[in-house]
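Below you'll find the structure, written out as structure tokens, and then a few comments.
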Amino acid sequence: MAPRPHTFGIKSVVVLGALGALLTMTACAPTLKQAGYLQYDANPATDIAVGDTEAAVLDKLGTPSQTSLYDPTEWYYIDQVSMKMTYKQPKVTSRNVTVVKFDKDAKTVAAVKTLTLADGRALTPAQEKTPTRGRSLTALEQVLGTVGQQRIDNSRDTDPGRQRRRE
């Protein structure tokens, strides 16, 4: 008896179709990215109380994400979650900034404030360009502008650090 050629049955087609649909759906699943201060067991907004010392804050929360540039008594614990769909730009879905303000003299917590994504502001950068002196050269002027202006001289190759610009 000759071997029968293998044919796909209805079960095989259904399994392959389900597998293809599963692969298609997972390719479009969003990717979540956590960045910044990772709070596993600690929540800065509730764990820190007014009157805690700097050492207690460091013990509970660790090193801050950022300190204020102008006032080193302000510490920031920042975290955010962003979501990215395949080819689109990532979108920030949540952001928490906990500001811990210390008293300068006593080195204890004076205030704790939590800011969320709703507290942020959208900033639009200025589109103006800084003007430069002179005129703009075309690409051809840039390439041909130095032709014939320089001499090729190999006499200074022995000490290249002492070369000076020729006028």
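Each reported figure results from applying straightforward, stated rules to the coordinates on display, with no laboratory input. Since we're looking at a predicted model, the values are computed, not measured. Note: ideal-geometry Cβ built from the backbone for every residue, glycine included; neighbour counts use all protein chains shown.
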Would you order 63, 108 from fewest to most other beta-carbon atoms within 10 Å of each residue's own beta-carbon?
63, 108
In whole angstrom, and with the biggest value first, how far do the Cα coordinates of segment 29-120 range along each principal axis?
52, 28, 19
Roughly how many nanometres apart are two label points built 7 Å out from the Cα toward the Cβ at residue 126 and residue 71?
2.7
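Between residue 60 and residue 14, what is the FRET efficiency for a Förster distance of 41 Å, r being their Cβ-Cβ separation, to the nearest 0.05? Mind showing how you got there, number by number?
Details: r = 55 Å, r/R0 = 1.34.
Efficiency, from the Cβ-Cβ distance: 0.15.
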Within segment 29-120, what is the number of lysine pairs with alpha carbons under 22 Å apart, leaving out pairs fewer than eight places apart on the same chain?
9
Report, by chain and number, residues whose modeled amide H sits under 5 Å from the one on residue 93, excluding near sequence neighbours (fewer than 5 apart, same chain).
81, 82, 83
